[in-house]
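Data first, discussion second: the structure below is written as structure tokens.
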Amino acid sequence: MPVPNGLQSNARPPIDIITSPFARFAKMEAAGGILLLVATAAALLWANSQWDHSYYRIWHKQATITLGQVSLSESRHEWVNDGLMSIFFFLVGLEIKRELLIGELSTFKQAAFPFIAALGGSIVPALIYFSINRGGDGASGWGIPMATDIAFALGVLALLGSRVPVGLKVFVAALAIVDDIFGVLVIALFYTRHISLVALGLAFVGVAVSCAANWSGIRNPAVYAVIGVGVWAAVLSSGVHATIAGILLAFTIPARSSIDKAEFLRQSRWLLDEFERHDPHSAKAHHTIHALEQKCEMIESPLHRIEHALQPWVAFLIMPIFAFANAGVHILGKIGAAVAHPVTLGVLLGLLLGKPLGITVFARLASLSGLASRPASVSWGQIFGASWLCGIGFTMSLFIASLALGDGDLLDMSKIGTLAASIMAGGVGSLLLLKRATPGGASATNV
């Protein structure tokens, strides 16, 4: 019996039935965080198994990309850290720009709050490490506990879901970005032997070109993608960590709509009326649909469109790959020696105690002095809990350790300290935030 005109069957296509469990998982707020933790656990198990050599062999194998006369060769591990992580930082930069324009960081006092907190969260851990290792072989590693691993910190917040307010997630994201910028500056100034000023200059020229494209009204994301590849290659060649390219480029992406709300509503309503007057299969109706689609693209800024397109790729592909490539730290047989080693203690105490102490004290001072204001939706108890999460230093800490300490026992000690501090900081921070929150995300106390 034919289906009456205007009615549709409720029967679901087989493909929808097969993929529905995966679609439900992808819509979970904590889905990306879950995959991140699974990838981390898998890397740790593999790196400490009898097949550990195969894990390191996979990531240290060289991979070359050739484009005409230009070729770039790096290990797979470096491609993940320099390439994929630049996309992640680009996405976070877009989110920060959006918040600076219309969100939680849209005033000077609100934006200054995570900046000053990050400053304390970098200075205090470095001082703790240096005080423990001053005059020793590991003294040069003072930069190891400075930076927060934004991916893991935000992954833990994602697992907590709606129990923490959006303002706290924005605060942690902004703080971690500033934190990593400090880390990149430390790398450039203290841990980089050779910086190519020519390549760095070309990178800033590329950023200027991207700004000019924004100013001239260019809205095609492909144009910014081409510029971005050039800027990324220049930053990588300069000796500065390539992820800084993602942050710089994000702030050049247009955030304005090319049509205002009132005009969009007027034109869209007219187009919908036109569509209603014609047969839905007619050429006139199809023309109307395409015109309406163009109006939707005009009301959505390139920043929002790119951010929306990148989010699933970053959450479900880039970050799990990143965790799997970086979390494989070999710890078996070395824990006993690490317990009393000054490098391990410096990293452990710097991340585990220095981070929350520095962030909380500097944030309080910033608020009391009137230089900055705490987000209205976030309590001081939640700031304190989040400051512990910022003690998850994993990626940048490991990267700085390899530059500061080279290969050998000192590097292994720093990795064990980083891993231990990250696990404990994540656990303590999660418990504190759960204690301070309700299922709706509201703070249980404002103290």
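Mind checking the dipole of the chain: about its Cα centre, +1 per Lys or Arg Cβ, -1 per Asp or Glu Cβ, Debye to the nearest 20?
So the dipole magnitude of the chain works out to roughly 680 debye.
If you take the square roots of the eigenvalues of the alpha-carbon gyration tensor of the stretch 247-369 and sort them as a ≥ b ≥ c, do you get rounded (a/c under 1.5), prolate (a/b over b/c) or oblate?
Verdict is prolate for the stretch 247-369.
Put a dot 7 Å past each Cα toward the Cβ at His304 and His286; how far apart are the dots in nm?
2.9
Among His286, Gly370, Trp59, flag the residue with its Cα farthest along the positive direction of the charge dipole of the chain, charges on Cβ as +1 for Lys/Arg and -1 for Asp/Glu.
Checked the options; the winner is Gly370.
Cα gyration tensor of the chain, axes a ≥ b ≥ c as square roots of the eigenvalues: rounded (a/c below 1.5), prolate (a/b > b/c) or oblate?
Since a/c reaches 1.5 and a/b is larger than b/c, the shape of the chain is classed as prolate.
Around His341, under 11 Å between beta carbons, what's the net of Lys plus Arg minus Asp minus Glu among the other residues?
-2
Over the chain, give the accessible area per residue in Å² for a 1.4 Å probe, as an integer.
50
Scan the chain and report its longest stretch carrying no trypsin sites (Lys or Arg not before Pro) that are both in a DSSP loop and have at most 10 other Cβ atoms within 10 Å.
194-447
Could you give the size of the charge dipole of the stretch 118-216 about its Cα centre, using +1 on the Cβ of each K and R and -1 on the Cβ of each D and E, expressed in debye and rounded to the nearest 20?
100
Determine the shape class of the stretch 147-252: with a ≥ b ≥ c the square roots of the Cα gyration tensor eigenvalues, call it rounded for a/c under 1.5, and otherwise prolate if a/b is greater than b/c, oblate otherwise.
Oblate, because a/c is 1.5 or more while a/b does not exceed b/c.
State the percentage of accessible surface on the chain attributable to carbon and sulfur atoms; use a 1.4 Å probe and exclude ligands, DNA and RNA.
68
What's the lysine pair count for the chain at a Cα cut-off below 30 Å, pairs eight or more apart or interchain?
27
Find the centroid of the Cα atoms in the stretch 157-217 and in the stretch 303-330, then give the distance between the two in whole Å.
Centre-to-centre distance over Cα atoms comes out at 16 Å.
The values are calculated or read from the model by the stated rules, or taken from the named source; none is laboratory data. Note that the structure is predicted; figures quoted are calculated from it, not measured. Positions of Cβ are generated from backbone atoms using ideal geometry, with glycine treated the same way; all protein chains shown enter the neighbour counts. Remember, those area values only see protein heavy atoms, side chains included, never the ligands or the DNA or RNA. Shrake-Rupley method; radii C 1.70, N 1.55, O 1.52, S 1.80 Å.
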